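Contents: one structure, followed by commentary.
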Amino acid sequence: MIAGIQQLENDALAELENAGSQDALLAVKTKYLGRRGLLTGLLRNISQVPAEEKPLFGKRCNEVKVLLENKIEESLLRLSEGAKKQTLTRGKIDVTLPGRGTRPGRIHPVTQIRREICDIFSSFGFSVVEGPEVELDYYNFEALNMPPDHPARDMQDTFYIEEKTVLRTHTSPVQVRVMQQVKPPVRILSPGRVYRRDSDVSHTPMFHQIEGLLVDYDVSFADLKGILTAFLKRVFGDATTLRFRPSFFPFTEPSAEVDIRCVMCAGRGCRVCGHSGWLEILGSGMVDPTVFQNVGYDAEVYSGFAFGLGLERIAMLKYGISDIRLLFENDIRFLRQF
Ligand code: PHE
């Protein structure tokens, strides 16, 4: 049996010597090392080897196996190196062709706007926090003074995960979560995804908002106006004209929507501003005492303001994008422009 191994080793090495191609090498490999190969067959019959020869037999078989494997590996490598050299020298590869580069990606316009706004408010002393997208009804509605059946819920119909769990319709629930956790003063900004059951050229079922909240002693509507004016001038330029228009949100009182003079027509009236000359930019207001009560703040001691704005809308106005859906189609020809 032991002699048989020696014979097999000699035969295999001789055949490898003569194997001039990848196929021939692989054929030798199969012949000796394959599942039905000769060496494999020898090993399989180890039971017929006398007990005292077994250890040596096993050892030799393994040695031959490793030796053959290494030789085959080496020869394969040598062959492929040789083939590469041949193609190069025969001129099959045109080394004068320009290379195929990988193009760098771009920061998505919505991300650019988010970063810009976060930077501006950071410079005003606000810190950035995040809240969950899958939100409890309590935080999304109830704590914000929108009890079940409140008509204001109609405008923010959304996707229900469970009876009392929704995909949040706005970033305002983060106000409540933050106030539950910290005592005033509060200055936070909270960007993130929100969801509503809307879909047309200016609405997608998922979009992004940024929420702002400032609570302290003696915060007045003048502070709200001052901060938001400074902010919008930073985003849209110093010449921007603003308008504060009375509005209603259940969680702020009084409430105001903030418009800017249309950036497309400078107020003359165009399709983008619906011929009104103004563009609605954000919702805002003084935090309603009921909300303070819900989080355990004393409304007699503290006051504050909050605001929320849609990032897609700002991106569309700033870059003149006419269809919101373009932002989410991931077409590189579109995204490369920003
Ligand atoms: N959450 C409101 C919305 O999505 C916006 C808002 C935020 C209004 C904060 C007032 C204060 O429409």
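Which GluC sites (Glu not before Pro) in the range 232-338 pass both tests, a DSSP loop state and at most 15 other beta-carbon atoms within 10 Å? Could the numbers behind the result be given before it?
Working: sites: E257, E280, E300, E312, E329; in loops: E300, E329.
Those that pass, being in a loop and sparsely packed, are E300, E329.
Can you list the HN-Hα couplings for the range 182-188, worked out from phi with the Karplus curve (6.51, -1.76, 1.60; θ = phi - 60°), rounded to whole Hz and with x for Gly and Pro?
So the J values, rounded to whole Hz, are 10, 8, x, x, 10, 9, 10.
Using a/c under 1.5 as the rounded threshold, could you call the range 74-146 rounded, prolate or oblate? The axes a ≥ b ≥ c are square roots of the C-alpha gyration tensor eigenvalues, and prolate needs a/b larger than b/c, oblate otherwise.
Numbers: a/c = 5.22, a/b = 2.99, b/c = 1.75.
Because a/c hits 1.5 or more and a/b exceeds b/c, the range 74-146 counts as prolate.
Can you list the DSSP H helices in the chain whose Cα atoms extend at least 20 Å along the helix axis and whose mean Kyte-Doolittle hydropathy is -0.5 or higher? Intermediate results must be reported in sequence, preceding the final value.
Details: long enough: 2-18 (25 Å, -0.15); 54-89 (52 Å, -0.53); 109-123 (21 Å, -0.03); 221-236 (22 Å, 0.95).
Passing helices, by number: 2-18, 109-123, 221-236.
Of the listed peptides 111-124, 164-177, 201-214, what is their order by residue-averaged count of other C-beta atoms within 10 Å, with the highest listed first?
On the way: 111-124: 16.6, 164-177: 22.9, 201-214: 19.1.
Highest to lowest by the protection proxy: 164-177, 201-214, 111-124.
Measuring from centroid to centroid over Cα atoms, what is the spacing of the range 1-50 and the range 266-319 in Å?
Answer, in whole Å: 80.
Calculate one ³J(HN,Hα) per residue across the range 37-44 by plugging θ = phi - 60° into the Karplus curve 6.51 cos²θ - 1.76 cosθ + 1.60, and present them in order as whole Hz with x for glycine and proline.
So the J values, rounded to whole Hz, are x, 5, 5, 4, x, 4, 4, 5.
Given only helices, namely DSSP H runs of n ≥ 4 each adding -39500 (n - 2.57), what is the per-residue ellipticity at 222 nm of the chain, to the nearest 500 deg cm²/dmol? Before the final figure, lay out the partial values.
Values: 11 runs with 136 residues, N = 338.
Theoretical 222 nm ellipticity from helices: -12500 deg cm²/dmol.
With the cut-off at 28 Å, tell me which of the pairs K164/K225; K183/K233; K65/K92; K29/K85; K31/K54; K59/K85 have Cα atoms farther apart than that. Mind dumping the intermediate values first?
On the way: K164/K225 36 Å; K183/K233 31 Å; K65/K92 38 Å; K29/K85 25 Å; K31/K54 24 Å; K59/K85 39 Å.
Exceeds cut-off: K164/K225; K183/K233; K65/K92; K59/K85.
Which of the aspartates and glutamates could a cross-linker span from K84 if the Cα-Cα distance has to be under 18 Å and same-chain partners fewer than 8 positions apart are dropped?
D23, E73, E74, D94
Using DSSP to define loop residues, name the trypsin sites (Lys or Arg not before Pro) in the range 1-46 whose beta-carbon has at most 13 other beta-carbon atoms within 10 Å. Please report the intermediate quantities before stating the final value.
Numbers: sites: K29, K31, R35, R36, R44; in loops: R35, R36.
Taking the range 1-46 and a limit of 13 other Cβ atoms within 10 Å, the loop trypsin sites (Lys or Arg not before Pro) found are R35, R36.
Taking the Cα centre of each part, how many Å lie between the range 80-117 and the range 140-164?
51 Å
Which whole-number percent gives the relative contact order of the chain, counting Cα pairs below 8 Å spaced six or more residues apart?
Values: 484 pairs, mean separation 47.6, N = 338.
14 percent.
Sort by residue number and name the cysteines in the chain that have no neighbouring cysteine Cβ under 4.7 Å.
C61, C118
If amide H atoms are built 1.01 Å from N in the plane of the peptide, which residues on other chains or at least 5 residues away come under 5 Å of the amide H of H208?
Hits under the 5 Å cutoff: V194, L311, E312.
Values quoted throughout were computed directly from the atomic coordinates according to the rules given, and no laboratory measurement underlies them. Just so you know, these numbers come straight off a predicted model, no measurement behind them. Every residue, glycine as well, gets a Cβ built from its backbone with ideal geometry; the counts of neighbours run over all protein chains shown.
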